[in-house]
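Down below is the structure, laid out as structure tokens.
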Amino acid sequence: MNPITLGIETSCDECSVSIVRSLSNEPIPEWEVLSLATFSQIKLHIPYGGVVPEIASRNHLETINPMIIKALSEARLDYNDIDNVSVTNRPGLVGALLVGVSAAKSIAYATHKSLVPVHHLEGHALSLFLDQRQIRKEIKFPLLLAVISGGHTNLYCISTPPREWSRTILKDSLIGKSLDDAAGEAFDKTAKILGFPYPGGEYIDRNAKNGNPHAFELPRALPQKKVLNYSFSGLKTAVLNLSKKLKSNGTLESSIPDLCASVQEAIVDHLLSKMFLSIEKYRCQSLAIVGGVSANSRLRERLKKECKVPVFFPLLKYCTDNGAMIAAAGNLRYSQGIFVRGKELLQLNAFANPDH
Ligand code: KG4
Ligand code: ZN
């Protein structure tokens, strides 16, 4: 049996619905994405320099139904062809999550399907196995999984393939995390200081290509070898002070490429150093990087050159938040018998907290 899952993601500023089909029942899964319909709210939040929760939930309400209809029509399927529905119900902006959860509950209840609540980070982890055939053969465990997004910078040592994952796999395998800002937040906040729109990671990446990564000396936090955690708040303060100094002597504008390259290098250095320590300490056989920041070109370039174990990334279109990764996670849990049905599914709630 190759179950087909409809997945809904509304935890932040992307309203995304996707339909995926399982292609293998092997321990390492493989999913084919039949459709992916996403509305990105980024333009609505740009004037405020970050995501405004109330605007996010109101916009999800307007776009969720069109996205569901688009995903079904792109896949040339209707509700009868779907085996189950899955939805991100934690963590995230609670008002935004509730829109997706309510839509998923309505579909599942009205069409008598099973419903799978999905942890957003589990979705990012499984984005690796979307439309990528070769990974199944090449990935080895224990795997160092780095979830690097706008909200999280977490390192996990995963010892079993996805179909053997327990319900608490991410909680149980966490070995390091950011103690303050996430890496994506560090990109976004320093980009804001340098005058770029939200979210700034992509702008820093692009402008850094014309700059010198060693032009400015910026701090790398927690240099102790035993520590596998991250900290990015000192970098933000250093960039703020440096930009004030450059502004006062009239060289800020001309220094933007060098500043972007130096900020990016500081973030990438810090990310890599803790990943390499973790690989050594836990004897990991491969490394997988998922989440929005995994799109960063310098991170990819340096990993290719410096990492001693094979490195895997999701396809670029599945790095940022999307419904396909949520459908994949729902599809996996459904095959493990983890779902709710009938009146029980009406109790499902949304939670801001990642540990719920
Ligand atoms: O995973 P994601 O879409 O959303 C969260 O769950 O947070 O990640 C968004 C983050 C933002 O901070 C954005 O600036 C960052 O990913 N990002 C990048 C790049 N593309 C997106 N950061 C650095 N370089 C990029 N090319
Ligand atoms: Zn995310």
Practice task
Averaging sequence separations of C-alpha pairs under 8 Å and six or more residues apart, then dividing by the length of the range 170-289, give the relative contact order as a whole percent.
Solution key: 33 percent
Handout entry: Residues LYS225 and ASP269, FRET efficiency given R0 of 25 Å [Cβ-Cβ distance, rounded to 0.05]
Key = 0.95
Fill in the blank from the handout: On the formula 1/(1 + (r/R0)^6), with r taken between the Cβ atoms of THR160 and ASN65 and R0 of 45 Å, the FRET efficiency rounded to 0.05 is 0.75
Exercise for the section: Step through the residues of the range 182-193 one at a time and calculate ³J(HN,Hα) from phi using the Karplus curve (6.51 cos²θ - 1.76 cosθ + 1.60, θ = phi - 60°), rounding each to whole Hz and writing x for Gly and Pro. Expected result: 7, 4, x, 5, 4, 4, 5, 6, 5, 4, 5, 4
Fill in the blank from the handout: Cβ-Cβ cut-off under 12 Å around LEU228, Lys and Arg +1, Asp and Glu -1: the net charge is +4
Completion exercise
Exposure proxy check on TYR334, TYR109, TYR48: fewest-to-most Cβ neighbours within 10 Å is TYR48, TYR109, TYR334
Handout entry: Segment LYS281-LYS247, length gained on full extension (0.36 nm per residue, minus Cα span)
Key = 7.9 nm
Handout entry: Centroid-to-centroid separation of the range 273-343 and the range 169-197 [C-alpha atoms, Å]
Key = 16 Å
Exercise for the section: Extending each Cα 7 Å along its Cβ direction at LYS209 and MET1, get the distance between those two points in nm, one decimal. Expected result: 4.8 nm
Practice task
Would you look at the GNM of the chain, springs on alpha carbons closer than 10 Å, and say which of HIS60, HIS45, HIS124 moves the most?
Solution key: HIS45
Handout entry: Calculated log₁₀ intensity ratio I(q)/I(0) where the Debye formula runs over C-alpha points of the chain, q = 0.12 Å⁻¹
Key = -0.86
Fill in the blank from the handout: Computed over all unlike Cα pairs, the Kirkwood hydrodynamic radius of the range 39-185 in Å stands at 17.6 Å
Problem - Neighbour-count ranking [beta-carbon atoms within 10 angstrom, fewest first] of VAL99, VAL268 - result: VAL268, VAL99
Handout entry: Chain lengthening between LYS317 and LEU346 when straightened (0.36 nm per residue, less Cα-Cα)
Key = 7.2 nm
Handout entry: Segment SER24-LEU174, extension gain: residue separation times 0.36 nm, minus the distance between their alpha carbons
Key = 51.3 nm
Fill in the blank from the handout: Rounded to the nearest 5, the percent of DSSP beta bridges in the chain running antiparallel is 55 percent
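Rule-based calculations on the coordinates, nothing more; no lab input. Fair warning: this is a prediction, and the values are worked out from it, not measured in the lab. Positions of Cβ are generated from backbone atoms using ideal geometry, with glycine treated the same way; all protein chains shown enter the neighbour counts.
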